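Read the structure below first, then the notes.
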Amino acid sequence: MPKIKTNRSAAKRFKVTGTGKLKRNKAYKRHILTKKSTKTKRNLRQPAITDSTNVSNMKKIMPYL
């Protein structure tokens, strides 16, 4: 059986926590920041945990994490 290639774009965006969950960065922090409140921009800095409905698909494209 050949090795499975890792999806490199996904590997750069997601990290695995110590308990095996997938950590991701939040969206909407790149541009048009003037109309967003300081509180919103501050909350967007915090990492988030990937939703459980997407984890099985993520494990398929990143088999060696």
Subject >> Principal-axis tilt of helix 52-61 within the chain, Cα atoms, nearest 10 degrees >> reply: 50
Original post:
In Å, the Kirkwood hydrodynamic radius of the chain over pairs of distinct alpha carbons?
Top reply: 13.6
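With runs of 4+ DSSP H residues as the only contributors, calculate the mean residue ellipticity of the chain at 222 nm using -39,500 (n - 2.57) per run, divided by the residue total and rounded to the nearest 500. Let's see the in-between values first.
Working: 3 runs with 23 residues, N = 65.
Helices in the chain give a 222 nm mean residue ellipticity of -9500 deg cm²/dmol.
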Original post:
How much of the accessible area of the range 1-40, probe 1.4 Å, is carbon plus sulfur, in whole percent?
Top reply: 54
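With +1 assigned to the C-beta of every Lys and Arg and -1 to the C-beta of every Asp and Glu, and no other charges, what is the dipole magnitude of the chain about the Cα centre in debye, to the nearest 20? Can you show the working numbers first?
On the way: 20 positive and 1 negative charges, 77 e Å.
Magnitude of the dipole: close to 360 debye.
Do any of Lys5/Lys60; Lys3/Lys23; Lys23/Lys59; Lys3/Lys59; Lys12/Lys60 go past 19 Å between their Cα atoms, and which?
Details: Lys5/Lys60 10 Å; Lys3/Lys23 25 Å; Lys23/Lys59 13 Å; Lys3/Lys59 15 Å; Lys12/Lys60 15 Å.
Violating the 19 Å Cα-Cα cut-off are Lys3/Lys23.
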Subject >> Gain on full stretching of the segment that runs from Asn54 to Arg42 - 0.36 nm per residue minus C-alpha separation >> reply: 1.8 nm
Subject >> Mean separation of Cα contacts under 8 Å (6+ apart) over length of the chain, as relative contact order % >> reply: 42
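The values are calculated or read from the model by the stated rules, or taken from the named source; none is laboratory data. Predicted, not measured: the structure shown is a model, and the values here were computed from it. Cβ atoms come from the backbone with ideal geometry, glycine included; neighbour counts cover every protein chain shown. Only protein heavy atoms, including side chains, enter the accessible area calculation; ligands, DNA and RNA are left aside. Shrake-Rupley method; radii C 1.70, N 1.55, O 1.52, S 1.80 Å.
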